[in-house]
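> Let me begin by handing over the structure; questions about it come next.
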Amino acid sequence: MKINPQVSLKVISFFIFIHSILLIEFLHYFFPGIGPASMATYPLTYLVGVMLSILCFKAFKKITTTRARIGVFISFFILMTYMAFDLHEFVTVDALRSSKDAIRIVLNPKQISFEDIFSENRTYSIAGMVKFKSELPEYLYSCSYEEDYSEFYTFYLWKSGNEIGSTNKYWIIDSLSRKDTFIFRDVVKGARYEVVAPPALFSDPDQHLFKEIFGDLKVCFWPIRQNMDRGFETWFYHLLDKRWNK
């Protein structure tokens, strides 16, 4: 039975469109997005899917050989995959970089140091948490000084039992009478600052960004998540835990 070429082209174009939607759904699950900006992924993906379906339909009309048609179809399929990853990188996280970093870490675990726990690169941060699993503090915070919306110094704060430490050796940490409330003192650019941390800082691991503002200076605290949410984080954590902590 002969198949109408026009019907075949429409079916192929439809599958390319479906591929774009399924791919972005997979990316959202495996590499969880951050913030409302990720909502832009869906309309962009629909738009790209429609455009590629039209391009595929037009191209197939002008190609007569089976081999050439297969080549064009595979090319469009690969292009759709690349564009979906690229769009996802723009609105959420860098999926391709995360994958490459994961491969590099699995092949060379010796490169991971304790300091990687504090890395802004989530892939390296997870690897550090796995490798130094028995030494992890209860709470981890990334701290930074910002001036005119620009960070000029970043350091880290942690609490393990009754012990509190920081990579900022100039910080003075005082405990108040209230539970889990602390004062942090520092001299920044010749000026003395005193930050009173909220009680929840060391009792709620999901404490949101906390800022103290002194004129143009902002002192920011941001929790470093030790829980693995889903997708890539969960898979990568268990993979390394199984390989490194047998």
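> At 0.36 nm per residue, minus the direct Cα-Cα distance, what do L47 and R67 gain on full extension? Give it in nm, one decimal, please.
Taking L47 through R67 to full extension adds about 4.4 nm, to one decimal.
> What residues qualify as long-range amide H neighbours of E138, i.e. H under 5 Å apart, gap of 5 or more or another chain, H built at 1.01 Å from N?
For E138, the qualifying residues are K159, S160, G161.
> Suppose accessible area is computed on protein heavy atoms with a 1.4 Å probe; arrange S160, S134 from highest to lowest.
Ranked list, largest accessible area first: S134, S160.
> Provide the gained length on full extension for the span W171 to I54, in nm with one decimal, where the gain is 0.36 nm per separating residue minus the Cα-Cα distance.
Here the answer is 36.1 nm.
> My understanding is that a pair violates if its Cα-Cα distance is over 28 Å; which of K100/K133; K100/K159; K133/K218; K58/K100; K100/K242 do that in this structure?
Over 28 Å Cα-Cα: K100/K159; K133/K218; K58/K100.
> Report the accessible area of E25, computed with a 1.4 Å probe over the heavy atoms of all protein chains in place, in Å² rounded to the nearest 10.
Rounded to the nearest 10, that gives 90 Å².
> Separate question: From largest accessible area down, sort E212, E194; use a 1.4 Å probe on the protein chains.
E194, E212
> Let me ask another. If R0 is 41 Å, what FRET efficiency do you get for S144 and W244 from their C-beta distance, rounded to 0.05?
Given R0 = 41 Å and the Cβ-Cβ separation, E is 0.85.
> For a quick check of understanding: with a 1.4 angstrom probe and all protein chains in place, what accessible area in square angstrom does W235 have, to the nearest ten?
The accessible area comes out at roughly 130 Å².
> Once amide H atoms are placed 1.01 Å from N in the peptide plane, what residues at a sequence separation of 5 or more from Y153, or on another chain, have their amide H within under 5 Å of its amide H?
Amide H neighbours of Y153, under 5 Å, 5+ apart: Y145.
> Relative contact order for segment 137-233: what is it in percent, counting Cα pairs under 8 Å that are at least 6 residues apart?
Contact order relative to length: 27 percent.
> Compare D148, D186 by solvent-accessible area with a 1.4 Å probe and give them largest first, with all protein chains kept in place.
D148, D186
The values are calculated or read from the model by the stated rules, or taken from the named source; none is laboratory data. Only a predicted model underlies this, so the values are computations on that prediction, with no experimental measurement involved. A quick note on method: Cβ atoms are made from the backbone with ideal geometry, for glycine too, and the neighbour counts reach across all protein chains shown. Protein only, heavy atoms only, side chains kept; ligands, DNA and RNA dropped before computing areas. Shrake-Rupley method; radii C 1.70, N 1.55, O 1.52, S 1.80 Å.
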